[in-house]
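First the structure, in the form of structure tokens, and then the observations on it.
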Amino acid sequence: DFESGTLAPGWSATGLWHVSSACSSGTPPNPVQWAYYGQDGTCNFNTGGTNSGDLTTSTVAIPATASRATLRFSYIYNGEAGAPPFGYDNASVLLSVNGGPFTQSAELSTTGSFGSTWLTSEIDLSAYAGSSVAVQWNFNSVDVWYNDVLGLQVDSVAITYQSCETL
């Protein structure tokens with residue numbers, strides 16, 4: 001979570017991503033701070049132009065003995081529903097394995113016109129046992145239209161795994 005008010009060591013943020021307690025929508029899983037792609041003063045991502053940014057975790061090693069590994073996080077996303085090439089906003093989760101390029105793992109669903117419901121998402125990382133993984137949330141406004149809504153908030157990020165060891 002982001003309760004300290006800062007990103008964890010090794011994390012990075014570009015564009016409008018930052019840790020915030022502003023623009024609370026719905027009931028956040030950890031109610032004090034979250035990562036937010038948007039502007040605190042206006043509670044939207046309308047900068048007058050197209051904009052995009054990434055929230056990137058530090059690298060996490062998943063042991064080769066992991067029988068199951070999962071990325072779990074909560075989010076609230078309010079933007080234009082749909083995805084490029086139709087000119088709609090795009091919120092995605094990407095993975096980098098062993099320092100390779102980030103590739104899309106999942107596209108996040110909009111949580112309604114008022115962004116009032118936090119969703120919890122789980123992504124199976126079991127295939128990456130024995131590898132190092134970094135996670136990136138990308139937000140891209142794609143166009144300049146209808147950007148006067150909340151944007152994307154992320155909280156309660158965890159990578160968990162179960163290991164089986166031979167005794």
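The values are calculated or read from the model by the stated rules, or taken from the named source; none is laboratory data. Owing to the predicted nature of the structure, the values given are computational and were not obtained by experimental measurement. Here the Cβ positions follow ideal geometry from the backbone for every residue, glycine too, while neighbour counts run over all protein chains shown. Heads up: the accessible areas ignore ligands, DNA and RNA and are worked out on the full protein's heavy atoms, side chains in. Shrake-Rupley method; radii C 1.70, N 1.55, O 1.52, S 1.80 Å.
Return the pairs, sorted by first residue and then second, in which the second residue is assigned to a loop (DSSP other than H, G, I, E, B) and crowded, with 21+ Cβ neighbours inside 10 Å, the first residue lies in segment 137-150 and is among the basic types (K, R), the beta carbons are less than 9 Å apart, and the residues are 6+ apart or on different chains.
Listed pairs, sorted by first residue: none to list.
Does G100 satisfy the criteria of being modelled with pLDDT under 90, open to solvent by less than 40 Å² (accessible area, probe 1.4 Å) and not in a strand (DSSP E or B)?
no
Give me a count of the residues in segment 102-149 that are closer than 18 Å to T160 by Cβ, within 13 Å of the chain's Cα centre (by Cα) and of a type in the set (S, T, Y).
Qualifying residue count, segment 102-149: 3.
Residues are listed down the side, and each one gets a yes or a no for (1) of a type in the set (A, V, I, L, M); (2) under 16 Å from the mean Cα position of the chain (by Cα); (3) closer than 23 Å to L7 by Cβ:
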residue: G41; (1), (2), (3): no, no, yes
residue: N46; (1), (2), (3): no, no, no
residue: D54; (1), (2), (3): no, yes, yes
residue: T59; (1), (2), (3): no, yes, yes
residue: A66; (1), (2), (3): yes, no, no
residue: T70; (1), (2), (3): no, yes, yes
residue: V93; (1), (2), (3): yes, yes, yes
residue: V97; (1), (2), (3): yes, no, yes
residue: G100; (1), (2), (3): no, no, yes
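Of all residues in segment 119-167, count the ones that are farther than 20 Å from N98 by Cα, open to solvent by 20 Å² or more (accessible area, probe 1.4 Å) and outside any strand (DSSP E or B).
Qualifying residue count, segment 119-167: 11.
Pick from S67, S74, S92, S116: which is under 25 Å from D143 (Cβ atoms), at pLDDT below 95, in contact with a strand residue (DSSP E or B) (Cβ under 7 Å, 6 or more places away or on another chain) and not aromatic (F, W, Y)?
S92
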